[in-house]
Structure formats: structure tokens, C-alpha cells
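What follows is a short report on a single structure.
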Amino acid sequence: MLTKELITKILERALSNGADFAEIYLENSYSSGIRFFDNKTQQSIAGKDFGIGIRIFNGTNAVYAYTNDLSEQALLSAADAVSKAEKGKNNIQVMDLTKKEIGNIHPIQIYNADVAKAEKIEFIRRINQAARNYHQDISQVDLTLSEAKKNILIANSEGLLVQDERNYTRAMAVVIAGSGTEKQSCFDGPGALAGFEFIRSLDPGQIGYDTAHSALKMLEADYAPSGTFPVVIDNGFGGVIFHEACGHSLEATAVSKNASIFADKMGQMIASEKVTAIDDGTIPNKWGSTNIDDEGTPTQKTVLIENGILKSFLIDKLGGKKMGMESTGSGRRQSYKFAPTSRMRNTFIAAGTDKFEDMIASIDYGIYAKKMGGGSVLPGTGNFNFSISEGYMIRGGKIAEPVRGATLIGNGADILKKISMVSDNLALAEGMCGSASGSVPTCVGQPAIKVDSIVVGGRN
């Protein structure tokens, strides 16, 4: 890491042409992964990366540069470059850089580097065995065990000097069932801001069994009907719809430009009173959590929607300047190669009081979306379409035959108002979210919810 003297010199150089704020972000990261495919270990890769990003503000204008050359000459040259790109009238000096100690709410029990490679391979081998033993039509199993360790330092001209360490561990499984020319797949990807203790807490046999079961169910399924139906969307990854169709529209990146359907809706009823939505970066060891965000602001729990009323946006430092609001600790970035912007962390619809069984019983004819797949959304409008990776018909208040090929089509703001039941079985699921500041770990989540009507694309 850099000396305090050099940090001060870089910040002063960045401010030298009149910027009103300067910041550096230093990162040293290590990642590794083991891939198990076609019944054997195919890859075992590792890599390191390090570098620094330098950013200035002049009012609400920002300039960002980065380099992986940490020589004093290169760093001062980068500071000069951002300084000259945005000239202001002020000459603000750097405040005293007193290092701030932060509490670690995401403790690591077992560092991945301390675990033998043989144990890691055995874990994914057991997933492979359980999946392949499930049924003869399981044709392929693709597994990855990934690890990452990131050390960061953030300093700025307001006097902030803070460091943090982040450790990520994740297992990913793709299981394919095939018969003739037909193929169906299922994905599972549990992960945590934790060490190898997280992997040891998982049941590899259950992961293999469940993914194989889902893939085979969809292989045997008929195509879903099309039309407008009531739909029950299950917990966990079902929250991807809220994340994509609504969550991104609550980020300052969109709101500050009036490019969000919710930009002027603060304090208004934007969802069913059944809906409370939260973005929380403080959940211990959760995949989307941190101690601080990538601007050095302590992470926090942010209530976005409370009983249907819009209460907050997700705000980074620059977005806050544009909106006249304080940061919510939501400034995130993939690495030093990206300037931070407002991003989600662990974003979910909070648990309600309804029962899953009552939701199903309330529907005479509809769709049960047990697992959601990928999709797309237009952030400016909230219009979306998402595939159902594992779905079932609901007939006479009971879950009936499996169906495949179903797509949910709608508008995020509209769907929020049509949620009539929210169950008590909240669960979160891990993923990677891509946006302007790169790809970052996030959790999506919800309890099972009932949407009274939604367009389902299928086959008539």
C-alpha cells in the first residue's frame, strides 16, 4: 500500500487545477478457480491484479483515470491528467489524513488459501457424482469453485483514509439433462463474503440432486400456455425481477438523470401495501455485503419501499451531489478500472405474513414459477421479460404438471401494484450484477409472492 505522504501528494496534485474533491482507490486482488467438467478437473487457474484509480469532482462533473503502474512518477502523472481535464476556480487543500479503523462485520474463519486443493476438488466431485447418479438422462455437469481476495485502500481530500479486506467464495453448478435433440439445464450458484467455512456448510450431494431434478423435470415438461394469468413467483432467485425491473430504477445513476420511472415518486405509493423492499449491505457474510462501499462510506441497511411507499433511493457520492442527498453507502465498482456509481447490494422484498400454501390454493388456473432464469429490462420504462427456468401449472388450487418455455412479460411499476400476497419464506440468492461500474456481487431475494395478473408468453 502507499505511504501517507505519497497519498497526500497525489490528492494535492489532483486538486491543483481547482477541483473541489479528489479521491484515490487502491486495490490489490487475487482470484482462483477450479473447473470440473466432463467427469474430471479441466482447469485450475489463478491470477493477481493491482492498480489505482484517481477521481476528481468539479461541482457535479467528474473525471476518472486509472493505472497499474504504482511508481510515484506514474501516479503523479495520472493525478495531473485528471486535474487538467476539469479546471475549476477553487484551490482546495487536502485535509489531514487520519486513518479510520472500521469494524469487520464479515469475519473469515477459514481462509481459502489454507485449504488443500484436494478437498476443494472432492467437494465439486461429489456434486458431479450426485447429479449424474440422479438419472441416466443427465448428460453433462459443469462445476466451478471460485475464490477471490481483495484488499482496498480509499483516501480522499475530505480527510478519509480507510482500508478493507474482502474474501469471496462461491460454488457454481450447471446440470444438463438431454434426450435425443432435447436439452434442458438448471443452475445453482451459492456464494458468500466468507472463507472456506461456507463451502463446508454446503451439502454437495443436495446441490447435485436438486439441480439434476430440476433439469430433468423441465426435460419431461410440455410447453406452457400463453395468456394473462395469476402467477406465484417463488422465493430466492425469484427476486431477480424486482432487482432488474425496479431496483436499477431506484439507483441514483438513473434517478439523478430523470431516467427512472420513480425519479419524482419519493413519498408516494408505488407498490401494493404488502410490499416492503430493502437493500442491505450489513448482513453478515452475505454475498452482496461489505464493511464499506467503494468510496469508503460505511455500508448500511436502506429501506427503499415501506408498505408500498417509496422511502429512499440508492445513492453514491456523485449521485448524491446531483440530487442534493446523502450517500447511502451504495457506491460500488468491479475494480480500480471503473469509477464507482450507485449499485445494489443485497436487495429483496421483505417477508410478509401470508402462507405459500394459501397462495397456491387461491388460484384456480395459473402459473407457479419455481425458478426464474435470465431476462432483460429497459430501465427508463421498467418494461421487462424474464424466462421461467422451472415452472408448473396451478389447477384448482394445487400445483400440477411441469411446463417449460414460459416467459413473464410486464412492467416493473405495474407489477409492484399487483402483488396481493407476500409469504413468510424469505430467501436470498447470489448473482453478479453488471452495470456502468462493472460486474459486482449482489444478492437478490424475496419470499414467494402472488401477482394477480401478468402476461405469460408460451405456446397456445
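Of the residues making up region 44-88, those that are without any contact (Cβ under 8 Å) to a residue 24 or more places away in the chain and acidic (Asp, Glu) number 1. Could you tell me whether Leu314 is closer than 25 Å to Gly191 by Cβ, in the same structural domain as Lys337 (by TED's automatic domain parsing) and without any contact (Cβ under 8 Å) to a residue 60 or more places away in the chain? Criteria not met by Leu314. Only residues that are in contact with a Leu (Cβ under 7 Å, 6 or more places away or on another chain) and hydroxyl-bearing (Ser, Thr, Tyr) were counted across region 176-207, and they come to 1. A count restricted to region 1-27 and to residues that are of a type in the set (Phe, Trp, Tyr) and farther than 20 Å from Tyr336 by Cα stands at 0. The selection criterion, being surrounded by 22 or more Cβ atoms within 10 Å (Cβ to Cβ), of a type outside the set (D, E, K, R) and in contact with a Gly (Cβ under 6 Å, 6 or more places away or on another chain), holds for Ala131. Looking across region 15-31, the residues that are at pLDDT 95 or above and of a type in the set (Gly, Ala, Ser) come down to Ala22, Ser29, Ser31.
Restricting attention to region 293-305 and to residues that are in contact (Cβ under 8 Å) with a residue 60 or more places away in the chain and in contact with a Gly (Cβ under 7 Å, 6 or more places away or on another chain), the residue that is farthest from Ala339 (Cα to Cα) turns out to be Pro298. With respect to the conditions (1) assigned by TED's automatic domain parsing to the domain that holds Gly405; (2) in a helix (DSSP H, G or I), Val231 lacks only one, and its number is (2).
Looking across Ala171, Ala177, one residue alone is part of a strand (DSSP E or B) and touching a Pro at 6+ places or on another chain (Cβ under 7 Å). It is Ala171. Checking each residue in region 262-313 for being assigned to a loop (DSSP other than H, G, I, E, B), surrounded by 19 or more Cβ atoms within 10 Å (Cβ to Cβ) and among the hydrophobic types (A, V, I, L, M, F, W, C) picks out Phe262, Ile270, Ala271, Val275, Ile283, Trp287, Phe313.
Annotation note: of Asp222, Asp203, the sole residue that is without any contact (Cβ under 8 Å) to a residue 12 or more places away in the chain, surrounded by fewer than 17 Cβ atoms within 10 Å (Cβ to Cβ) and not hydroxyl-bearing (Ser, Thr, Tyr) is Asp203. Within region 1-41, the residues that satisfy the criterion of being in a strand (DSSP E or B) and small (Gly, Ala, Ser) are Ala22, Ser29, Ser31, Ser32, Gly33. Check region 350-363 and report whether any residue there is part of a strand (DSSP E or B), in contact with a helix residue (DSSP H, G or I) (Cβ under 6 Å, 6 or more places away or on another chain) and surrounded by 17 or more Cβ atoms within 10 Å (Cβ to Cβ). No, there is no match, as no residue in region 350-363 is part of a strand (DSSP E or B), in contact with a helix residue (DSSP H, G or I) (Cβ under 6 Å, 6 or more places away or on another chain) and surrounded by 17 or more Cβ atoms within 10 Å (Cβ to Cβ). Among the candidates Gly396, Gly380, the residue that is touching a residue at least 60 places away in the same chain (Cβ under 8 Å) and surrounded by fewer than 23 Cβ atoms within 10 Å (Cβ to Cβ) is uniquely Gly380. Summed over region 166-193, residues that are surrounded by fewer than 20 Cβ atoms within 10 Å (Cβ to Cβ) and without any contact (Cβ under 8 Å) to a residue 24 or more places away in the chain total 2.
If I filter region 387-407 for residues that are more than 18 Å from Asp358 (Cα to Cα), over 20 Å from the mean Cα position of the chain (by Cα) and not in a strand (DSSP E or B), do I get at least one hit? Within region 387-407 (the criterion being more than 18 Å from Asp358 (Cα to Cα), over 20 Å from the mean Cα position of the chain (by Cα) and not in a strand (DSSP E or B)), the answer is yes, since at least one residue qualifies. In this structure, Thr253 does not qualify as within 19 Å of Val444 (Cβ to Cβ), out of contact with any helix residue (DSSP H, G or I) (no Cβ under 7 Å at 6 or more places or on another chain), in the same structural domain as Val377 (by TED's automatic domain parsing) and hydroxyl-bearing (Ser, Thr, Tyr). Just one residue in the set Gln163, Gln140, Gln93, Gln136 is part of a loop (DSSP other than H, G, I, E, B) and either at pLDDT 95 or above or of a type in the set (Ser, Thr, Tyr) (or both); that residue is Gln136. For region 129-157, a residue qualifies if it is in contact (Cβ under 8 Å) with a residue 60 or more places away in the chain, farther than 27 Å from Val115 by Cβ and in contact with a Lys or Arg (Cβ under 8 Å, 6 or more places away or on another chain), and exactly one does: Ile138.
There is no residue in region 206-224 that is part of a loop (DSSP other than H, G, I, E, B), in contact with a Gly (Cβ under 8 Å, 6 or more places away or on another chain) and not aliphatic (A, V, I, L, M).
The values are calculated or read from the model by the stated rules, or taken from the named source; none is laboratory data. Just so you know, these numbers come straight off a predicted model, no measurement behind them. Neighbour counts run over all protein chains shown; Cβ positions are idealised from the backbone, glycine included.
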